[in-house]
Amino acid sequence: MGTSSCGDGEKQRIEDEEQYGVLLYYKYTSVPDLDELVSFYESSCNSLGLLGRVRLSPKGVNVTVGGKLTALEEHIAAAKSNCLFEGTDFKLASCHHPLNDKVAEECGFTSLSIRVVEELVTFSPCPPLKPPEISNAGKHLSAAEFHSVLQSATEHLDGDGKSENKDLVLLDARNLYETRIGKFESDNVETLDPEIRQYSDLPTWIDQNAEKLKGKNVLMYCTGGIRCEMASAYIRSKGAGFENTFQLYGGIQRYLEQFPSGGFFKGKNFVFDHRISVGSSKGDIIGSCLLCNNTFDDYSPRCRCKLCRMLVLVCNHCRVKGDICVCELCRKHGKSEVPLSLDPSNQPSESNGDNIRRKLRILCLHGFRQNASSFKGRTGSLAKKLKNIAELVFIDAPHELQFIYQTATPPSGACNKKFAWLVSSDFDQPSETGWTVAQCQFDPLQYQTQTEGFDKSLTYLKTVFAEKGPFDGILGFSQGAAMAAAVCGKQEQLVGEIDFRFCVLCSGFTPWPLLEKEEKGSITCPSLHIFGSQPGKDRQIVTQASSDLAGLFDDGCATIIEHDFGHIIPTKSPYIDEIKVFLYQFI
């Protein structure tokens with residue numbers, strides 16, 4: 001009986017694995033009622049046990065979810081019953097259950113995330129005032145049509161095998177790390193790889209390389225098709241000479257389904273779910289280890305560039321050696337020396353030929369019951385060690401606090417004013433006498449009640465950016481880190497008013513309820529989180545509070561430094577070296 005039961009259990013496990021799948025689809029369309037669409041996805045996905053990412057905007061949907069194949073088929077049927085999804089290409093693939101918890105979590109396949117966003121895919125760091133019209137996107141070519149165009153080009157080779165087809169180019173709309181493990185190749189067609197770190201860098205590349213596209217028949221492709229929609233519309237918006245822009249409908253995924261042996265696609269198709277990559281029946285490998293250059297194309301170890309955090313290929317042998325990884329883009333832009341030797345004598349000088357390096361300008365937000373002067377004093381060592389790469393700018397918070405004392409009588413003599421970014425609901429303005437007796441002993445959890453005053457502080461920061469900016473980044477300490485995190489959560493809405501490229505959050509905590517609607521990994525601002533490790537010596541902000549805050553930031557752009565000290569910003573090695581490494585990527 002025991003053997004039979006075990007066998008039945010194993011059989012059921014195998015059947016369950018065979019029933020699992022991943023569903024990808026998108027649709028650009030005018031959404032009349034976003035709330036109704038959110039309710040549909042909450043109801044459908046939760047009832048069917050689907051996990052993954054759902055992005056909704058007034059202009060459409062972008063969905064990647066996983067679950068039982070039968071559940072995914074039910075979801076497709078429910079979506080098709082809504083005329084909103086008419087003509088949608090639902091790409092459903094069977095696969096194994098997520099096996100690597102780390103990869104599954106990073107790809108968002110351990111929870112369901114439904115978010116309303118401004119852009120289904122972020123096409124530019126700062127959304128253009130007049131974005132390209134999707135209705136002007138390039139003509140869709142089916143996988144068969146796309147293959148036929150490349151086949152025709154190949155058949156027109158001359159006797160020497162040289163190209164006679166100079167009016168046709170292939171344009172890869174994906175990120176560099178994706179193209180390194182798979183791409184289209186045709187002997188008779190030029191392939192343009194923009195070598196971008198992220199999709200939002202593509203418009204700049206198109207602007208700088210417009211002459212390579214003008215007058216050509218441009219064949220664009222990406223993973224599933226959505227990135228080509230906006231990018232092809234952007235190219236065509238440039239006018240005469242850019243009309244003949246085409247895109248592979250359904251992306252590489254549909255092409256490999258049509259041509260399982262690979263056709264003109266070599267290597268593997270990088271995907272943004274737990275599968276990581278999907279190859280053809282050939283199983284060919286075109287990737288190579290960043291460090292030793294041996295054949296390798298496995299991203300499952302999730303190795304990242306020490307500077308920019310982009311995924312890099314590092315083989316098992318090099319990974320065991322613990323070599324520091326710097327991606328080819330950082331090397332190309334002259335940043336390779338930074339992590340390879342963190343000794344200041346080996347770091348880049350302030351000038352390199354005719355290119356003078358500008359220091360980063362970082363706005364510093366102090367903690368509760370501090371001021372600009374005291375925070376500047378506390379960070380003197382940090383400023384000194386960053387003097388060659390950053391200028392720290394200090395400001396007082398807008399909420400002035402009362403002077404408090406716990407002795408029999410208030411101290412004599414003048415005292416500097418104290419300020420806060422967030423205050424409690426029973427906040428009182430300073431009295432005329434200037435002093436008030438403390439109601440109780442110091443409460444290490446007082447920060448949990450300081451949830452008011454954000455709007456005033458946000459308005460104040462807008463003025464600071466207008467009058468004292470621009471700033472490359474924001475550094476916040478304790479309550480200042482909570483304030484900075486809240487601003488990061490609203491970064492999309494603040495474009496043009498509070499613009500910055502990164503944040504450094506020291507001994508931070510989540511400013512509830514300001515970020516209560518933010519889901520794990522939903523904030524995409526590049527961030528450095530510095531806080532005390534467990535068991536913590538920080539008596540004011542517990543380690544878990546800072547760790548929870550870091551969890552709200554996307555894992556791909558969040559760096560964490562845990563130290564063995566208290567409520568401070570450490571400036572000893574190796575901590576200061578790691579801080580420098582983070583900052584150098586923005587110079």
Over the stretch 464-587 - Rg/Rh using Cα atoms and the Kirkwood inverse-distance radius: 0.95
Cα-based reach from Lys520 at 21 Å (exclusive), listing lysines while leaving out same-chain residues under 8 positions away: Lys102, Lys490
Relative contact order (%) - criterion: Cα under 8 Å, at least six apart; region: the stretch 177-272: 38 percent
For the stretch 19-137: span of alpha carbons on each principal axis (Å, largest first): 43, 33, 25
Rounded percent of accessible protein surface that carbon and sulfur make up, the stretch 263-302, 1.4 Å probe: 46 percent
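Run through every distinct alpha carbon pair of the stretch 204-246 and return the Kirkwood hydrodynamic radius in angstroms, one decimal place. Write down the numbers at each step before the final one.
Numbers: mean 1/r = 0.0955 Å⁻¹.
It is 10.5 Å.
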Coordinate range along principal axes, alpha carbons of the stretch 234-331, Å, largest first: 52, 34, 23
Tensor-based shape of the stretch 524-587 (alpha-carbon gyration tensor, a/c under 1.5 rounded, otherwise prolate or oblate): oblate
Virtual spin-label span in nm between Leu92 and Val121, 7 Å along Cα→Cβ: 2.3 nm
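Work out, in µm²/s and without decimals, the Stokes-Einstein translational diffusion coefficient of the stretch 214-290 at 20 °C, 1.002 mPa s, Rh from Kirkwood over C-alpha pairs.
155 µm²/s
The values are calculated or read from the model by the stated rules, or taken from the named source; none is laboratory data. Just so you know, these numbers come straight off a predicted model, no measurement behind them. Counting neighbours? That spans all protein chains shown, and the Cβs are built from the backbone with ideal geometry, glycine included. SASA here: full protein model, heavy atoms, side chains in, ligands and nucleic acids out. Shrake-Rupley method; radii C 1.70, N 1.55, O 1.52, S 1.80 Å.
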